[in-house]
Amino acid sequence: MTEVLAHGVKLTDTAVSKVKALLAAEGRDDLRLRVAVEPGGCSGLIYQLFFDEQLEEVDAVVEYNGVEVVVDQMSVPYLDGASIDFEDTIQKQGFTIDNPNAAGSCACGDSFS
């Protein structure tokens, strides 16, 4: 029996609703929201959010009201305690990440150190 690892990423109710709407538009029920950290951006690390049908044995998974959020093993410590929200205002539309582990970030907010 394989133990499923958990992670500390939180998804707000607004983000859950948006993910569900996007999944419904895709017309697939086999996709998960994958959150990852990769080298890049002007601050050294960049967030990646995408739908993924693959689930690796070492992935950490937490479900929020029917939405599975998957984080790879390398990204877990960088994202522990992070909160993902969705903004839909006249100035900005998209997912935002509030990460207490980020020591600094660039002006666009897409990369951090």
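Checking each residue of the range 84-92 against the condition of being surrounded by 17 or more Cβ atoms within 10 Å (Cβ to Cβ) and of a type in the set (F, W, Y) gives at least one match. Can you tell me which residues in the range 73-85 are farther than 9 Å from V9 by Cβ and either of a type in the set (A, V, I, L, M) or modelled with pLDDT of 95 or more (or both)? Listed by number, the residues that qualify are M74, D85. Annotation: of all residues in the range 46-60 being more than 13 Å from the chain's Cα centre (by Cα), without any contact (Cβ under 8 Å) to a residue 40 or more places away in the chain and closer than 15 Å to S75 by Cα, the one that is most open to solvent (accessible area, probe 1.4 Å) is E56.
In the range 59-66, is there at least one residue being at pLDDT 90 or above and over 13 Å from A6 (Cβ atoms)? Before the answer, list the steps.
Let us first name the residues in the range 59-66 that are at pLDDT 90 or above, namely 59-66.
Filter once more, so that each one left must be over 13 Å from A6 (Cβ atoms): 65-66.
Yes, there is a match, as at least one residue in the range 59-66 is at pLDDT 90 or above and over 13 Å from A6 (Cβ atoms).
Taking only the range 23-45 into account, find how many residues are among the small types (G, A, S) and within 16 Å of the chain's Cα centre (by Cα). Lay out the reasoning, then the answer.
Here is the first cut: in the range 23-45, the residues among the small types (G, A, S) are 24-25, 27, 36, 40-41, 43-44.
Filter once more, so that each one left must be within 16 Å of the chain's Cα centre (by Cα): 36.
Of the residues in the range 23-45, 1 are among the small types (G, A, S) and within 16 Å of the chain's Cα centre (by Cα).
Taken over the range 46-93, the criterion of being assigned to a loop (DSSP other than H, G, I, E, B) and acidic (D, E) is satisfied by E53, E56, E57, D59, D72, D80. Restricting the range 98-112 to residues that are open to solvent by less than 40 Å² (accessible area, probe 1.4 Å) and part of a strand (DSSP E or B) leaves a set whose member that is modelled with the lowest pLDDT is S111.
Keeping to the range 23-42, report how many residues are assigned to a loop (DSSP other than H, G, I, E, B) and touching a helix residue (DSSP H, G or I) at 6+ places or on another chain (Cβ under 9 Å).
Count: 2.
The values are calculated or read from the model by the stated rules, or taken from the named source; none is laboratory data. Quick caveat: nothing in here was measured; it's all calculated off a predicted structure. No Cβ is skipped: glycine too gets one built from the backbone with ideal geometry, and neighbour counts run over all protein chains shown. In case anyone asks, the SASA skips ligands and DNA or RNA and just uses the protein heavy atoms, side chains included. Shrake-Rupley method; radii C 1.70, N 1.55, O 1.52, S 1.80 Å.
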